[in-house]
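The values are calculated or read from the model by the stated rules, or taken from the named source; none is laboratory data. Everything numeric here is computed off the predicted structure, so don't read it as measured data. Cβ sites come from the backbone with ideal geometry, for glycine too, and all protein chains shown count toward neighbours. What goes into the accessible areas is simple: the full protein's heavy atoms, side chains included, and nothing from ligands, DNA or RNA. Shrake-Rupley method; radii C 1.70, N 1.55, O 1.52, S 1.80 Å.
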Amino acid sequence: MKKIKVGIIGTGFGAKVHAPVMKSHPGFEVVSISSVSRGRLDEIKEETGIEVVYGNWEEMLGTEDLDLVSVASAPLLHHDMVVKAIASGKHVLCEKPMAFDAEEAEKMIHARDAAGKMGWINFEYRFLPARQKVKEIISSGKIGKVLHVNFSLNIAGYERYATSKRGWLSQKDQAGGMLGAVGSHLIDSLLWWTDGKVESVSGQLTTHVPEFVDENGEKEVRTADDAFQAMGTFVGGGTFNIGSNIAVRHAEGWELEVYGTEGTIKMLQDNKVLVGIGNSPLEEVELEVALEIPEGMNPVAAGYFNAFYRSLDEVYKALSGDGVNPDLPVLEDGYVVQVVMDAIRRSDEEKRTVKVEY
């Protein structure tokens, strides 16, 4: 098996998730990893088992012979990192959300095209068996024309959010907030499932826990959303509601309802799908078996493994010339999601329904 040489930028999610899952795939060789601002180089070497650790990501790009750069830094940095990685001759896998806004995302696409490289956005949840089954059913036409979709992720994270700092994730000017962190996934799956385009949106962004004061009296003022809701219309008809709350005490996780002219789909917790056709009751359908998590993998990576490994397998096939899976999210998919998120933010700021301009 040909080895794809990878360099990872980011020693948070990159070290915790990208490194162990990539190392578990026989087609990838994780050559190096670079910190952005965290330092802790010796600790990262010990934590990841990666021998070559950089304190400067640009130095890594200029030094290492890499096939693929995995960008797992804060979203505010994605544009510069992706553009420079591509310019240095590497293919790129970029974490979501793709960029700070759609303008940056568009520039990233132009950079890829100019260099003749490949680029993907890590909407790995597309490859979960439950989401693949939803896609299969909608695409088959069994539930008819999609009339309405409800899709949400709520997380019981109030205690953590109210008792610890959130860093860039809580800062609007650093592309923080749940619309980017969670909404990007919701919007991507919504558009992928339906093969749809959003015509208009009405959005609301909320900060339920606006500040945190630590034991030393240092205050973190949160400017980004810790909850959002959006409703909208699809081009050609149909409507949707999406949303997320993470600062709540109790939550049910991922919940999906797809209502069609001929039937209904429900998905719970990304591991259970029920379908009802015509006037028949909803019945659970069989899903592909989850992948076995490698022994010793840290709990954070283990939580992403079933989706991320499958996604990485498709990236490997694309880089090896074994064909491109149409479900594998490319930069254009990230751009479209960014356009919709920008429209939701504008709707919240202007307190009105916004037409989505692509």
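So here's what we get for this one:
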read-out	value
Estimated FRET transfer efficiency when R0 is 56 angstrom, pair residue 1-residue 249 (beta carbons, to 0.05)	0.75
Derived scalar couplings ³J(HN,Hα) [the range 120-129; Karplus, 6.51 cos²θ - 1.76 cosθ + 1.60; whole Hz; x for Gly, Pro]	10, 10, 7, 8, 5, 5, 3, 8, 5, x
The chain - mean residue ellipticity at 222 nm from DSSP helices (-39,500 (n - 2.57) per run, n ≥ 4, rounded to 500)	-10000 deg cm²/dmol
Amide H contacts of residue 96 (H built 1.01 Å from N, under 5 Å, at least 5 apart or other chain)	122
Under the Karplus curve 6.51 cos²θ - 1.76 cosθ + 1.60, θ = phi - 60°, whole-Hz ³J(HN,Hα) for the range 63-68, x wherever Gly or Pro sits	9, 8, 8, 10, 8, 9
Cut-off under 5 Å, modelled amide H: who pairs with residue 5 long-range	29, 67, 68
Choice from 206, 63, 11 showing the highest fluctuation, given a GNM over the chain with Cα pairs closer than 10 Å	63
The range 1-110: trypsin sites (Lys or Arg not before Pro) in DSSP coil with no more than 11 other Cβ atoms inside 10 Å	2
Neighbour-limited loop hits for trypsin sites (Lys or Arg not before Pro), the range 171-222 (at most 16 other Cβ within 10 Å; DSSP other than H, G, I, E, B)	197
Per residue value of the accessible surface for the chain (all protein chains in place, 1.4 Å probe), Å²	44 Å²
Backbone HN-Hα couplings from phi across the range 91-97 [Karplus 6.51/-1.76/1.60, Hz, Gly and Pro as x]	6, 9, 10, 10, 5, 8, x
Residues with amide H under 5 Å from that of residue 198, placed H, sequence gap 5 or more	235
Percent of beta bridges antiparallel (DSSP, the chain, rounded to nearest 5)	60 percent
Relative contact order (%) - criterion: Cα under 8 Å, at least six apart; region: the range 203-301	14 percent
Selection of GluC sites (Glu not before Pro), the range 1-69, meeting DSSP coil and at most 16 other Cβ within 10 Å	51
The range 1-39-the range 139-194 distance, computed between alpha-carbon centres (Å)	25 Å
Highest-MSF residue in the chain out of 268, 66, 128 [GNM, Cα springs under 10 Å]	268
Value of relative contact order over the chain, rounded to a whole percent, pairs C-alpha under 8 Å and six or more apart	19 percent
Listed values (i) 22.5; (ii) 23.4; (iii) 21.2, entry calculated as Kirkwood radius over Cα pairs in Å	(iii)
Rg/Rg_globular for the range 207-257, with Rg_globular taken as 2.2 N^0.38 Å and Rg from C-alpha atoms	1.66
